[in-house]
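Structure first, commentary second.
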Amino acid sequence: SQLALSDTTKMMVIHGFGDASAAMAYLDKAGNAAPREIIPWLPANKYFFIVIDDQNLEILKVNKDIPLYKKFLSVYAPDKFPAAK
């Protein structure tokens, strides 16, 4: 499903993973394929992939603070989501 966080920020949400490990495996595969097979027309600096559970998605829908969520991810999974520079 698609979620509009603002006029310029849209979020594509994909559900149905058995656990976080399965979601991360999909993220790796999709992230590698995106520039060539999924969205080759979109510059890489215009999109990113994150993993989010239902509870945090509901929070994000309300506060719409992507940078804060990315910071949260960088604390809990720094190898997959390094802190922004």
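Computed from the coordinates by the stated procedures, all read-outs in this text should not be read as laboratory data. What you see is a predicted model; the values in this text were computed from it and never measured. So basically every Cβ, Gly included, is an ideal-geometry build from the backbone, and we count neighbours across all protein chains shown.
Residue pairs, Cβ under 8 Å, 6 or more apart or interchain, first in the range 36-57 and without any contact (Cβ under 8 Å) to a residue 40 or more places away in the chain, second among the aromatic types (Phe, Trp, Tyr) and assigned to a loop (DSSP other than H, G, I, E, B). List them.
If the second residue must be among the aromatic types (Phe, Trp, Tyr) and assigned to a loop (DSSP other than H, G, I, E, B), the pairs left are Ile39/Tyr47; Ile50/Phe81.
From the residues in the range 39-51 that are surrounded by fewer than 14 Cβ atoms within 10 Å (Cβ to Cβ) and of a type outside the set (Lys, Arg), which one is nearest to Lys64 (Cα to Cα)?
The initial filter retains those residues of the range 39-51 that are surrounded by fewer than 14 Cβ atoms within 10 Å (Cβ to Cβ), namely 40-46, 48.
Next, from what is left, pick out any that are of a type outside the set (Lys, Arg): 40-45, 48.
On the way: Pro40: 26, Trp41: 26, Leu42: 22, Pro43: 23, Ala44: 21, Asn45: 19, Phe48: 15 Å.
The extreme case among them is Phe48.
What residue, among those in the range 16-26 that are of a type outside the set (Phe, Trp, Tyr) and under 12 Å from the mean Cα position of the chain (by Cα), is surrounded by the fewest Cβ atoms within 10 Å (Cβ to Cβ)? Before you say what the answer is, go through the steps one by one.
Filtering the range 16-26 for residues of a type outside the set (Phe, Trp, Tyr) gives 16, 18-25.
Now narrow it down to the ones that are under 12 Å from the mean Cα position of the chain (by Cα): 23-24.
Numbers: Ala23: 18, Met24: 15.
Looking at residues that are of a type outside the set (Phe, Trp, Tyr) and under 12 Å from the mean Cα position of the chain (by Cα), I get Met24.
Mind checking whether some residue in the range 62-71 is surrounded by 14 or more Cβ atoms within 10 Å (Cβ to Cβ), within 11 Å of the chain's Cα centre (by Cα), in a helix (DSSP H, G or I) and not aliphatic (A, V, I, L, M)?
Yes - at least one qualifying residue is present in the range 62-71.
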